[in-house]
Every structure is written in structure tokens, then in C-alpha cells.
1. Would you confirm whether any residue within the range 6-17 is among the small types (Gly, Ala, Ser) and not in a loop (DSSP other than H, G, I, E, B)?
2. Of all the residues that make up the range 18-37, how many are over 20 Å from LEU92 (Cβ atoms) and either in a strand (DSSP E or B) or open to solvent by 70 Å² or more (accessible area, probe 1.4 Å) (or both)?
3. Could you identify the single residue in PRO140, PRO181, PRO135 that is in contact with a helix residue (DSSP H, G or I) (Cβ under 8 Å, 6 or more places away or on another chain) and free of Cβ contacts under 8 Å to residues at least 12 places away in the same chain?
4. Considering each of LYS146, LYS162 in turn, give the residue that is farther than 16 Å from ILE87 by Cβ and of a type in the set (Lys, Arg).
5. Do you know which of the residues in the range 55-73 that are of a type in the set (D, E, K, R) and within 14 Å of ALA31 (Cβ to Cβ) is surrounded by the fewest Cβ atoms within 10 Å (Cβ to Cβ)?
6. So, of the residues in the range 101-123 that are surrounded by 11 or more Cβ atoms within 10 Å (Cβ to Cβ) and among the charged types (D, E, K, R), which turns out to be modelled with the lowest pLDDT?
7. On the basis of being modelled with pLDDT of 95 or more, touching a Pro at 6+ places or on another chain (Cβ under 8 Å), more than 29 Å from ALA157 (Cα to Cα) and outside any strand (DSSP E or B), does ALA126 make the cut?
8. Any idea which residue in the range 38-54 is least open to solvent (accessible area, probe 1.4 Å), counting only those that are over 20 Å from LEU92 (Cβ atoms) and not in a loop (DSSP other than H, G, I, E, B)?
Amino acid sequence: LGIIGNTLSYNEKQTLVLGLDGLLDNADNLAKEIKKNGITPASTQSGLCLQAYELFGEDFPQKIDGSFALFIHDVTKSRLILARDRIGKQPLYWYHDQHHFIFASELKALIATGIVPQTFSRDAIAMYLYFGYIPQDLSPIKEVNKLLPGNYLVFDAHKGKKICPYWSYSSYYEKRENSDPKIVTENIEKLLY
């Protein structure tokens, strides 16, 4: 496992390793939440993400916000977790066959391994020519997928892989406050005047 331009973060026991490509927008809030749980917050953003994973398990992506692609290798549980930011600013591609699970934030890094077949995806290219972009989890390379925004992937050595959403536009806007109409009216009036 490696990352260019950044360092990897490890937990004290060296059983977890995390690579972060990008930035967190809520690092201060995350540090406060970690401190509330009696833990001294890490001094780096990748360290904070690692602490969030240790505290919240697979639910940790819900606690972080920003533009990022990250991976966590959990040695004790024999699993790898990939997560992508909510809007999808940072790309994250993956390839899986019978012998390999490879991931990278750029397609050329996957192709450089020599393991990924360099076969174009006709469907993805056709969609690009029609829509002007490649939708969903497709990529221009056949059998290479991109992790969708607001999703995380868990690759377990014993159980296989699963992809789960942790955030969506619709769930964000579904949250409605049950406020008294008088209070809402007063707040609107304060904002207007």
C-alpha cells in the first residue's frame, strides 16, 4: 500500500494503516467529537480519519466531510475499506479479478500495474459520446469501476466485497425541522430586516 505526496497513518499497534488523498472540511469538529470520547485527537487529518474508524467502525465515513478518497487496511480483520467523498470531487477506481484487488485514484495507476487488461469499455465510451460524461460506476476501461460519491467499499479477505452508501443528496434534504410556525416566521423576519 502506498500514497504519493502524503504519508500513511498508522494506529499505535500498527494494525491499521490509512492513506488519505484530499482534505477534510470538518477536521476541527471531528477532533472535538473524538475528544468527547476521551481520546486525544490526532494532529493530522489522516490521523483523525483513522481515529474515527477506530471509534465508529464502518460508520466512520458519516463523520467526515470534505473532498477525499481514502483507504484503510485493517490487518486484524483482514479487510480493506475504500471511501469517497460525498460529492465525488476525488476519484477512486478499483479492479477485482480472481487473484487481485487493485485500487487507485487515477486510471493510469491501475493500468501501470500490468495486471488490468487495457480493453476499452464500449458501453462507457458510448455513454461518454452521448451524454458528455461517463455515468454511474463505469470507467473507460472494461472491468474497472469507480466508487460512486458518498459510498464506501469493504473488501474482506474471507467474505468478499460489499459497497454501501453512507450519504445521498435525497437523504440530506429529507431532514426537516419540526419547528413551530411562529418561530419560523420570526426567524424569517429577522433575516429580512
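The values are calculated or read from the model by the stated rules, or taken from the named source; none is laboratory data. As the structure is a computational prediction, the values presented were derived from the model and not from experiment. Ideal geometry is used to build each Cβ from the backbone, glycine not excepted, and the neighbour counts take in all protein chains shown. We work out accessible area using only protein heavy atoms, side chains counted, and drop any ligands, DNA or RNA first. Shrake-Rupley method; radii C 1.70, N 1.55, O 1.52, S 1.80 Å.
1. Yes; the residues of the range 6-17 include at least one that is among the small types (Gly, Ala, Ser) and not in a loop (DSSP other than H, G, I, E, B).
2. Qualifying residue count for the region: 6.
3. PRO135
4. Matching residue, one of LYS146, LYS162: LYS162.
5. The qualifying residue surrounded by the fewest Cβ atoms within 10 Å (Cβ to Cβ) is ASP65.
6. Restricting to residues being surrounded by 11 or more Cβ atoms within 10 Å (Cβ to Cβ) and among the charged types (D, E, K, R), the top hit is GLU106.
7. no
8. Filtering first and then ranking leaves GLY47.
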